[in-house]
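Here the structure comes first, spelled out in structure tokens, and everything after it is commentary.
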């Protein structure tokens, strides 16, 4: 006979049940999200944590117990995983904005000693600036630039993904790709 559950699943609202059912049948969602939704639905119909884990294609009933406890606190948002380990982000939104401002600024050849930004020259400029970030690393700069949709191009410059400069008879124009966000995912 299984142990009694320490934190049983609270009753699902109609919206939560619909969202979990939709998620459990989704083909375009990550497999881990689908498995978590299936496990929660199995527990909701009265299965034990171990049986719900097996129904979702998992082996650990303890993981389902932790998922149920998280679902009781956070609702459907518990299906998406939280912080997966590693160092937490050290830089706030304002520090990330400072990195982006520096990257979007055209480098001064005399002051910055470069014509185009690289990660190292951006790092040097950010560390030497009076309002800069004295301990920023190149990997942090790279991550912030990628999160903002900027990519390193063949011409040694950082360009916004989905935006390109095209020459026309009337001059140069910026062309925006409407599917850029979908292509990045």
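Couple of notes before you dig in:
- Extension reserve of the residue 80-residue 127 stretch, reckoned as 0.36 nm per residue once the Cα distance is removed: 13.3 nm
- The chain: calculated mean residue ellipticity at 222 nm from DSSP helix runs of at least 4, using -39500 (n - 2.57): -13500 deg cm²/dmol
- Per-residue Cβ neighbour counts within 10 Å put 121, 13 in the sequence 13, 121, beginning with the fewest.
- Relative contact order of the chain, pairs being alpha-carbon contacts under 8 Å that are 6 or more residues apart, as %: 11 percent
- Label zone at residue 95, where the point sits 7 Å out along the Cα-to-Cβ direction: the range 123-154 residues whose backbone N lies under 13 Å: 127, 132-141, 144
- Note on 34, 45: ascending count of other Cβ atoms within 10 Å places them as 45, 34, the fewest first.
- Cα-based equivalent ellipsoid of the range 38-174: semi-axis lengths in Å, sorted from largest, via gyration tensor: 47, 21, 12
- For the chain, the longest principal axis of the C-alpha atoms and the axis of helix 14-24 are separated by about 70°.
- Gain in span if fully extended, residue 6 to residue 151, counting 0.36 nm per residue against the direct Cα distance: 47.4 nm
- Folded to 0 to 90 degrees: helix 119-128 orientation relative to the chain principal axis, Cα: 80 degrees
- Nearest-0.05 FRET efficiency for residue 28 and residue 176, computed from C-beta distance (R0 30 Å): 0.80
- Label-point separation in nm, residue 106 to residue 87, each point 7 Å along Cα→Cβ: 3.5 nm
- At R0 = 41 Å, FRET efficiency that the Cβ-Cβ distance of residue 139 and residue 45 yields, to 0.05: 0.35
- Angle between the chain longest axis and helix 61-74 axis [Cα atoms, degrees, rounded to 10]: 70 degrees
Each reported figure results from applying straightforward, stated rules to the coordinates on display, with no laboratory input. Keep in mind the model is a prediction, meaning the values are calculated, not measured. Don't worry about glycine lacking a Cβ; one is built from the backbone with ideal geometry, like all the others, and counts go over all protein chains shown.
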